[in-house]
Amino acid sequence: AGILQAGVTFPAGAFPQAPETQREFVLQAQDRETVLDVPGSGELVHLEIHVSPALSGSLREVVAELRYDGAAEPAVRLPLPELAGIPHPWIVHRWHAYNGTLAAGLQYPWYVNRPRFHFPEDTFHLNLPIPFASGLRLDLLNRSDKMRFTGSVRARAVPLSEPDARNCGRLCATRAVCPVTVGADPPPLLRLPGAGHLVGLGLFTTGGDSSPPAVHNCVLSL
């Protein structure tokens, strides 16, 4: 509870030996920017991304790509809200209370009412440890053909030997959009090959309290 209440500040206190890397960026329309490039081996323990303008829907056009060891293809490719654990596309009303700093890693500083003020910047922070053996690179890709985003990235990494890092495995993540077909044996929405350790899963489906057949007739199997 103490760690969660500290929110974005806890990595500095929990990992005083971890140097902080900070970089500002300007992400033009249809542009890509490398915002973090850490050489050697280590473990990323905190990643913080500030982005403006803070438009919930438009920020899904900003995709985070994480590459290990100089690989050509990213192991993690997720829109910024999904990276922070926000699968729901309409972050309004009751979703704001759930998707706050404590629950999901998304901070809405402009929603303070007393005193009320406006702060047009979203803050995403990811505290899941990410080990790397020989380099870690984070790119931001702007898929929008109209909007420009500006912001900054802060990151902290602790030392980790190369053998230990290679034994840790790698964080991999992607986003899939699939139709749910009618039938007793529908095709799988997600299939993960090989061995691994599932550390996060977000699922959003259309239909809900206003669509009782979807609520009562759909079954999720894992």
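The values are calculated or read from the model by the stated rules, or taken from the named source; none is laboratory data. Small disclaimer: the values here were computed from a predicted structure and weren't measured. Positions of Cβ are generated from backbone atoms using ideal geometry, with glycine treated the same way; all protein chains shown enter the neighbour counts. Accessible surface areas use protein heavy atoms only, side chains included; no ligands, DNA or RNA. Shrake-Rupley method; radii C 1.70, N 1.55, O 1.52, S 1.80 Å.
Quick look at the values:
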quantity	calculated
Filter result for LEU203 (without any contact (Cβ under 8 Å) to a residue 60 or more places away in the chain and open to solvent by 50 Å² or more (accessible area, probe 1.4 Å))	no
Some residue of the stretch 69-77 being modelled with pLDDT under 60 and either over 20 Å from GLU48 (Cβ atoms) or open to solvent by 30 Å² or more (accessible area, probe 1.4 Å) (or both)	no
Subset of the stretch 152-205 [over 22 Å from ALA133 (Cα atoms) and among the hydroxyl-bearing types (Ser, Thr, Tyr)]	SER152, THR181, THR205
Residues being surrounded by 17 or more Cβ atoms within 10 Å (Cβ to Cβ) and either in a loop (DSSP other than H, G, I, E, B) or charged (D, E, K, R) (or both) - total across the stretch 148-164	3
Within the stretch 8-59, tally of residues that are more than 17 Å from PRO81 (Cα to Cα), open to solvent by less than 40 Å² (accessible area, probe 1.4 Å) and modelled with pLDDT under 90	3
Breaking point among (1) within 24 Å of PRO81 (Cβ to Cβ); (2) modelled with pLDDT of 90 or more; (3) touching a Gly at 6+ places or on another chain (Cβ under 7 Å), for SER144	(3)
Residue check for GLY135: under 23 Å from LEU36 (Cα atoms) and surrounded by 14 or more Cβ atoms within 10 Å (Cβ to Cβ)	yes
Inter-residue pairs, beta-carbon under 9 Å, first of a type in the set (S, T, N, Q) and in the stretch 128-156, second open to solvent by less than 20 Å² (accessible area, probe 1.4 Å) and not in a strand (DSSP E or B), 6+ apart	SER134/ALA165
